[in-house]
Amino acid sequence: MAAGTQARPSARSLSWRQFKAILRKDIVMELRTKEMVTSMGLYSLLTMVVYQIALSQSGSAFDPRQIAAGLLWLAFLFTSMLGLNRSLVHEQDQGCLEALLLAPVDRPVIFFAKAIGNLVFLLIVEVLTIPVFAFLFLQGGGYGGAWWMIPTVLTAGSIGIAGVGTLLATMSVNTNGKDFVLTVLMVPLMYPLLLAAVSATTAAVLGGDGSVDQFWAGMGGVAGYDVIMLLAAYALYEFVIGA
Amino acid sequence: MDPTNTEIYNLVLHDAPYVIAGYGVLWAALVVYVGMVLRRIMRLEKEVLILGESVARRSAE
Amino acid sequence: MKQLKVAIVLLVVGGLLTTAAFFMAFYTAEVQRFGTITVAEQLDTVIPLESVTADGFQYGRPWFSQKIFYFHVPVAEASFLVFGVAAFFAIRFLMTKKREYDTKSRMAMETSLIFVILTMITGMLWTRASWGIWWEWEPRLTTYFIMTLLMIAYFVLRNSIEDEERRATYGAVFAIIAVIDAPISFFITRLIPSSHPVVFQSGMASSNLVPFIVAQVGMLMVGYAIYTMRMGEEILSERVEAVKEALED
């Protein structure tokens, strides 16, 4: 490291550099193997196929826009669980997590770096999924809300998924039933977030009277969940990673 | 039965099975659970006795 | 086994109190009413006459399924409280790393899970009697169901970890995160429109309040008794294990 050039790097800039190093490691590895985005993207594409089966008997009078938000978030939830599990399993298989723990890195830095890495991959997959979903299911129906609504709720919701998910995945990779345990822990914990996010997203998709109010009510729920859960996850990560 | 009472009795009787079932299930579940725990405790105490005997026997040898 | 004796005494007292509440609910508590029914002739019933109109005699519509309230609500509130206790011990465990707090947290969680399941069963029976359906995806019911799933997840998590210290730490972490759902479930009927009745908003007649309080106290005693009994069992089995190991050496 270039720490020698600086006589005494302040604790803050050191943490920042550690954070960047861990994040860069994840992204470089992904650029090299392209494993996460490929597997998550393919998984979410397959989810679309399954949705087609679910909707196949709904008839022509049915407006898929009514449930589009729910279907989308469902795909994101399951895709994110796949990605989170992989991301942490990698760390563990290669002894990376242990090495990180041996290094004098602040535990919260590890948490934020891993969570941001997961958030980036999740957002990439979401951005890839949405056009495909719209192409397959929403042709003919217009988009009702303002353009910035979907990105806002998507980002806020993904922050919650990635933050809490990183904590839970760090626990579940150390259990016997890795991905199964992650599902059991994650789905009920995610419930309030998903409910609020689906409400906000539906308002954005449908538009119309009162949709802005409904959008901000949903966003309030998402933001409240993010703040409370991220604080809890941030405070508890130290114990999880130390055990 | 006084025919004018029928409606009120119907109202009450319609709900009665659920109320009875509610209380019944609650009591039964608690009794079964407590019984299970007590049985386990009794078995453990028996085990403690047996173990105590074998410890005594071993120290006598 | 002093602990066990305390537990049994509490169990008996709690049982007596809840039984007393059961009888009070049917003998002394006022029949709750919703709406009115009109009949042609005056009735000889426990339901008080509300008014005499041109159509006939008007009575409050008796709401018999409300009688579940005297058990359903105490057991539900006890479940929230014991869940909180479990989370409290989880925090204590993370602070001190003492194993006894982990055991206490787990036992409280188990007691709470029993109460949660009982709440779900009595609640569903009430829903069937009062709304005519077994289940509805309604805010209170849903968040409570999620709480049940979180508790089950807690035990799934614990059972899938072999290392003892790690199991305790992960369990405590998850208990703390999961408990966030409890206040959401508790206050949700006051925050967003819900068809689940909100108690204590409009006040209650004292003839209804007394059996409720008696049942609540009794239920908390039963809860504490279950918790103490399970703790006693745990300590006993730990001792048996220790002696067995010592004998094998």
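The values are calculated or read from the model by the stated rules, or taken from the named source; none is laboratory data. Keep in mind it's a predicted model, so treat the numbers as computed, not measured. Glycine gets a Cβ as well: all are built from the backbone with ideal geometry, and neighbour counts include every protein chain shown.
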By residue number, the members of segment C:25-43 that are at the interface with another protein chain (Cβ under 7 Å from one of its Cβ atoms) and either modelled with pLDDT under 70 or in contact with a Leu (Cβ under 8 Å, 6 or more places away or on another chain) (or both) are C:37, C:43
Per the filter on segment B:29-61, residues surrounded by 11 or more Cβ atoms within 10 Å (Cβ to Cβ) and of a type in the set (Gly, Ala, Ser) are B:29, B:52, B:54
In the set C:182, C:153, the lone residue that is facing another protein chain (nearest Cβ under 7 Å), under 30 Å from residue B:24 (Cβ atoms) and of a type in the set (Gly, Ala, Ser) is C:153
Of those in segment B:17-61 that are farther than 28 Å from residue C:20 by Cβ and among the small types (Gly, Ala, Ser), the residue farthest from the other protein chains (Cβ to nearest Cβ) is B:60
Per the filter on segment A:187-208, residues more than 9 Å from chain C (Cβ to nearest Cβ) and farther than 14 Å from residue A:149 by Cα are A:190, A:193, A:194
Selection from segment A:26-71 of residues out of contact with any helix residue (DSSP H, G or I) (no Cβ under 6 Å at 6 or more places or on another chain) and in contact (Cβ under 8 Å) with a residue 24 or more places away in the chain yields A:27, A:29, A:35, A:39, A:45, A:52, A:55, A:63, A:66
Note on segment A:199-243: residues in a helix (DSSP H, G or I), in contact (Cβ under 8 Å) with a residue 60 or more places away in the chain and loosely packed, with under 15 Cβ neighbours inside 10 Å are A:242
